[in-house]
Structures are given as C-alpha cells and as structure tokens.
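Report on one structure; see the data block that follows.
Each value in this text was obtained by applying a stated rule to the coordinates, not by laboratory testing. Keep in mind that what you see is a predicted model, and the values were worked out from it rather than measured. Every residue, glycine as well, gets a Cβ built from its backbone with ideal geometry; the counts of neighbours run over all protein chains shown.
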Amino acid sequence: MLLAIFIFSIVISLVYGAYSSTFHLIDTTGQNMEIAGKAQATLERITDDLSSIVTGEGGFFAGKQQNHSGARGDSIVFVSAVHLGLTREDDYAGYSTIQYSVESDEELGLLQLYRSDTRVVPGRHVESIEPEKFLLCDGLQEVRFSYSGAEGAESDEWLYDPAESVDKGKGFPAMVTILLRFANSPESENVAVFTTSVAIAQGK
C-alpha cells in the first residue's frame, strides 16, 4: 500500500507539473499578445498623427527629453492638420495641437502615455491652451522620442517655433523615431521593445 501511495504521489506530481507549465505558458502568451496589441495601436496612432503634421505656415514642433522617477518618458507637441473628434458633437475641421505626454503610475511604478488633441485658437500660443488628456497606453518602462535632421544628425530634443525659436533655420525634423519599452515592473529585465520611425514631409 505504501508503494502504491508513493507511485501515485509521483504520478500526481508529474501531472501537476505538466499542467502548471501549460497554464504558465498560456498566461505568458496572453500577456505578450496584450502588450503587442497595445504597442501596435499606440504606434499606429502616433504614426498617423505625425503623418498629418503641419510644416508650413502655422506649424510648430517641440520634442523634449524628460525623466519620471528615474525612467525616461519624453514628450512631444506639434500642430496637426487633422483633428480627431472623440464625440459626435465635435465636428471641428481645422488645425489642432497634438501632444503626447508621460506621467508616472504611482501604484505600479511604471509610466502612462497620454494623448491630447486641442483645437488651435487663432492668436493664442499652443502652450497657453490647457489640453484634455486621454490615456493611450500604460505598463511602460520607457517612452523615447528621437529626431533626425535633413543631414542625418540625431538628437533627443527638438524645437521649432517660428515665432520664438532662436535657431529658425533648424526647421522640422526629417524623421521621428518612437521607442516603447514595456515591463511588469520598473526593475524588470524581461521587457518587450517596440519601435518605428516616421518620415516628416516638409513644407506641408
């Protein structure tokens, strides 16, 4: 009887181990698919916004490197020719100021990426308008924007304001690269990195 119990316990342990590994694999696969879905939606939204950037009269562009509790979470703001209305009553068809900003998630210690779409009011500077922010993506360990000039020079920050910029000859970046780094915790080494680059059409 003792031998039978011993053999039975071994069989149960093997079965439990197999089931545990299977469920862990399923759970991990589900998490990876969820992260990939969030990354794809976020990068597509940013790409579409950058593709509609106004680089002609009325254009403005500012990309700033920022840190949040030791983690890099950059911000970017520019004028877009396309306004994305989120309600049926919002039928505005003019220029809008698009802003991507990052805030810390105090509970998880990770970063949250927010997007705002504010109508451009004639005679008012874009920074004087308080944007209404919407959460676009969370669970981020890093949000990085980098910029390339027409001659290929790379930079982590960029400013073009035709009204105030000292370096008025700098113009708009030729390309913007976006990097999103997802993780379960701020110190996690098991991360998922997604990146894409968007060419900016000049003089539009």
I need Arg45, Arg119 ordered by Cβ neighbour count within 10 Å, fewest first.
Arg119, Arg45
What is the calculated FRET efficiency for Asn32 to Leu3, with r their C-beta to C-beta distance and R₀ = 35 Å, to the nearest 0.05?
0.20
Count the net charge of all other residues whose Cβ sits under 14 Å from the Cβ of Val193, scoring Lys and Arg as +1 and Asp and Glu as -1.
+2
